[in-house]
Amino acid sequence: MQPVSFPAGETRPPVTLPSMADIHAHVARLEPYMVEALSALVAAASPSGAEQPAAEAMERLLAELGLETERIVLDSRLIEDDPMFSCPCDPDGGRYNLLARHVPVRRDPGSRSVLFNGHLDVVPTGPLGLWSRAPFEPYVDDGWLHGRGAGDMKGGLVCTLAAFKALRDWGLEPAGIVGFNAVLDEENTGNGTLATLHALQNALGKARLTDFDAVIIPEPFGETLMSAQVGVCWLSVTLTGRPAHVAYMHSGLNPIEAGIAVMADLKLLEAEWNAPENRHPAFMDVAHPINFNLGTIQGGEWNSSVPCTCTMGLRCGFFPDVSADDALAEISARIRDKVAALNPDLVVEIDARGHHSPGCVYDLEHPAMALLATCHEQATGVAPSRLACTATTDGRHFQLSTSLPVTNYGPLARHIHGIDEAVSLDSMKRVTATLIQFIVTWCGVQPRRTA
């Protein structure tokens, strides 16, 4: 431990800063807490649109740390005119984010603040029979905690709580504001974080955007610092053909077969966007940055009938130098042109509900982000890698709509959005140690208030 001196005339008791050895030793002792907290969050099933069980579990965890939460209710009417708004996939339904802040009684001159932002919603599990154990029954095996949402991204949220708890255990508290924003709807729109940002910018609650000097999002990207991320748009494409008995199938018009041809054509567009001459500079070294995914397909009524309709759910990526509107327009035009070429009698409808999310590039040279990299190196002995990400995250809201420095930095996970999702406990401990060092250095610490 290293003592800290205060300006002349200060009467506060001396503060001793934890060394990195102290940090690692204490984080090791916190593993049972981390397993228990993460297990509680994983057991609270929280698919997008129904996140409240996890919000209630998170609220209890925050209260255990002496943190009072504000509930920021999602009201799409307040944010629907924001250029970062995405058309909702689910009703607002009274769902809410949780925003908790540690606010020191006395802020040291020069102290700085940080907001940890993360999502509570998870994607569907898929067939339960493919899982080794039930997806919402967490368990630890060989150093990995399993369960839907363990990696993406409840494990990262627990790292932030454990970092704050470690300081409390030492009788310390951050000298600046530390915020915890647990949000809904990240997986399908990002409107959860947008709702909190709107509340912060418009002073709708106790917290203000000016409370914070930096943002860290502990998404599960293997202890890397995110340097850039692609944009993402969702499309629901419905093709209507002409049904017929299979004996007379040539008199019909099969929209499922047309849908397969449309997807094949979109893969050609995907290849065009991935061509080296069309790439954004941040993604030059990424093997295949732009991905078009056929996520769902529905259609048909009977094996022996030419079907009436085919509906495809698409997720399409695009580079940060392309707007979401332009990407959606080009993809939609490509679909309509292909359908017209296949058969002008096919009817096509395109619904852009869901992600309408631009890409962005992060400033990792900002002092806050440079310090995070230094803290990682101090905690692990190696400098962190930088990641140009082929997915989207809520970091875009802060990067594009505020002046706050932001990046994604979280633990190593495997099989996210897949079967037997899991997060590495050793990685969670390294991330927690890094975040402790970041808070100590960025925010400063002081003796913890007891009343």
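Nothing in this text is a laboratory measurement; each read-out follows from the coordinates by a stated rule. Here the structure is a predicted model, which is why all the values come from computation and not from measurement. So basically every Cβ, Gly included, is an ideal-geometry build from the backbone, and we count neighbours across all protein chains shown.
Working note: Karplus 6.51/-1.76/1.60 with θ = phi - 60° gives the stretch 381-386 the couplings x, 9, 6, x, 6, 9 Hz, where Gly and Pro are set to x. The residue among 259, 316, 231 whose Cα reaches farthest toward the positive pole of the charge dipole of the stretch 231-357, with charges on the beta-carbon of Lys, Arg, Asp and Glu, is 259. Here's the list of lysines a cross-link from residue 267 could span, going by alpha-carbon distance under 29 Å and ignoring same-chain residues fewer than 8 apart: 338.
Output the 0 to 90 degree angle, nearest 10, between the alpha-carbon long axis of helix 255-274 and the longest principal axis computed from the alpha carbons of the chain. Approximately 50 degrees, to the nearest 10.
With an a/c value of 1.5 or above and a/b not larger than b/c for the gyration tensor axes a ≥ b ≥ c computed over the alpha-carbon atoms, the stretch 54-136 is described as oblate.
Seen against the Cα atoms of the chain and their longest principal axis, helix 191-201 is set at about 50 degrees.
Think of the stretch 231-357 as a dipole: +1 on every Lys or Arg Cβ, -1 on every Asp or Glu Cβ, centred on the Cα centre; then among 327, 273, 307, 307 lies furthest on the positive end.
When ranked by the protection proxy of mean other Cβ atoms within 10 Å per residue, highest first, what sequence do the peptides 308-316, 259-267 form?
Descending mean neighbour count gives 308-316, 259-267.
The C-alpha atoms of the chain define a longest principal axis, and helix 155-169 lies at about 10 degrees to it.
Near residue 217: Cβ cut-off under 11 Å, other residues only, Lys/Arg at +1 and Asp/Glu at -1. The net charge is -2. When both bridge partners sit in the chain, DSSP labels roughly 75% of those beta bridges antiparallel.
Around the Cα centre of the chain, unit charges on the Cβ atoms of Lys, Arg, Asp and Glu (plus for the first two, minus for the last two) sum to a dipole of about 980 debye.
Over the residues of the chain, the helix contribution to mean residue ellipticity at 222 nm works out to -10000 deg cm²/dmol, using -39500 (n - 2.57) for each DSSP H run of at least 4.
Using DSSP to define loop residues, name the trypsin sites (Lys or Arg not before Pro) in the stretch 38-140 whose beta-carbon has at most 14 other beta-carbon atoms within 10 Å. Can you show the working numbers first?
Numbers: sites: 60, 71, 77, 95, 101, 106, 107, 112, 133; in loops: 95, 106, 107, 112, 133.
Within the stretch 38-140, the qualifying trypsin sites (Lys or Arg not before Pro) (loop, at most 14 other Cβ atoms within 10 Å) are 106, 133.
Which of the lysines could a cross-linker span from residue 154 if the Cα-Cα distance has to be under 20 Å and same-chain partners fewer than 8 positions apart are dropped? Output for residue 154: 165, 429. Computed about its Cα centre, the charge dipole of the stretch 231-357 is approximately 300 debye, with only Lys, Arg, Asp and Glu carrying charge at their Cβ.
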